[in-house]
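Read the figures in this text as sums done on the coordinates, not as results from a lab. Nothing here was measured: the structure is a model prediction, and the numbers come from that model. Reconstructed Cβ throughout: ideal geometry from the backbone, glycine too, with neighbour counts over all protein chains shown.
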Amino acid sequence: MFELLTEHLQRVDQTDDAIFYRVPRLVKHIDHPACNALTDYFRVNLRPQSDILDLMSSYASHLPEELSFNNVIGLGMNEAELSKNTQLNDFVIQDLGKNYILPFDDNSFDACVITVSVQYLIQPIHVFQEIARVLRPDCPCIVSFSNRCFPTKAVAIWQQLSDVGHTQLVGHYFATSGAYEPCRIDDISPNGSSTDPLFVVRSNTTKIE
Ligand SMILES: C[S@@+](CC[C@H](N)C(=O)[O-])C[C@H]1O[C@@H](n2cnc3c(N)ncnc32)[C@H](O)[C@@H]1O
């Protein structure tokens, strides 16, 4: 459906992401109702006592406070953002645009979440393949997004697409990486057009037969 060309993954601001994230960006891209809708989604779709990777993480992971996880690891760009995140057990600072190899062993996690950040990936297929490597078999990667972003840092194709197009693009990332079951797309926007929309594209890593 998509033929991803080099120009699709370029940004208005092509400078090093470390420059943009030198200052903490303490924004969530989604309003309270959308944050609550995401937490409700996680409540149903994440298992207690599991190991969670919060990729492209900042100061909020949106995980249900009453659920206890075994290990929640964040990976993001800014130490001040990640230090404020009380839901993480630990974090790593890594620029996925420069190095998409995740610093974790194979089969380390039971779920990966990418929240309101997938539009910043410039090597998405490599990153999705790496996520599959560090996830255990038949475990979910949950990608959520709304319609807001840092426009100069989002890839060109994201800027060109509608909400539906964004869901298809993320589905394409899953399919092309070749390591996942067919994806599921959910519109979990809170009721009422006055709130931010919220979409989830989710796929499980391939099962071992
Ligand atoms: C709008 S914030 C979203 C943070 C968080 N996931 C949330 O739900 O609030 C975008 C995040 O994407 C991450 N990010 C952006 N570019 C990145 C890159 N090249 N490598 C790793 N993380 C990146 C940054 O850590 C930044 O905090």
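For region 6-204, calculate the relative contact order in percent as a whole number, restricting contacts to Cα pairs under 8 Å that are 6 or more residues apart.
It rounds to 23 percent for region 6-204.
How many lysine pairs are close in the chain, with Cα atoms under 25 Å apart and the two 8 or more places apart or on different chains? Before the final figure, lay out each step's value.
Working: 28/84; 28/98; 28/153; 84/98; 84/153; 98/153.
Number of lysine pairs found: 6.
Using only alpha-carbon positions, what ratio does the radius of gyration of region 87-202 give when scaled by 2.2 N^0.38 Å? It would help to have the intermediate numbers written out before the result.
Numbers: Rg = 14.4 Å, N = 116, 2.2 N^0.38 = 13.4 Å.
Scaled against compact globular proteins, the figure is 1.07.
With only Lys, Arg, Asp and Glu charged, each at its Cβ (+1 for the first two, -1 for the last two), find how big the charge dipole of the chain is about the Cα centre; round to the nearest 20 debye. Walk me through the numbers on the way to the answer.
Numbers: 15 positive and 26 negative charges, 47 e Å.
Taking the Cα centre of the chain as origin, the dipole is about 220 debye.
Taking a temperature of 37 °C and a viscosity of 0.692 mPa s, what whole-number D in µm²/s does Stokes-Einstein yield for the chain with Rh from Kirkwood over alpha carbon pairs?
Working: Rh = 17.2 Å.
Estimated via Stokes-Einstein, D reaches 191 µm²/s.
Please report how far the C-alpha centroid of region 33-65 lies from that of region 111-126, rounded to the nearest whole angstrom.
Each part reduced to its Cα centre gives a spacing of 15 Å.
Which percent, nearest 5, of DSSP beta bridges in the chain are antiparallel? Could the numbers behind the result be given before it?
Numbers: 11 of 29 bridges.
Within the chain, antiparallel bridges account for around 40 percent of the total.
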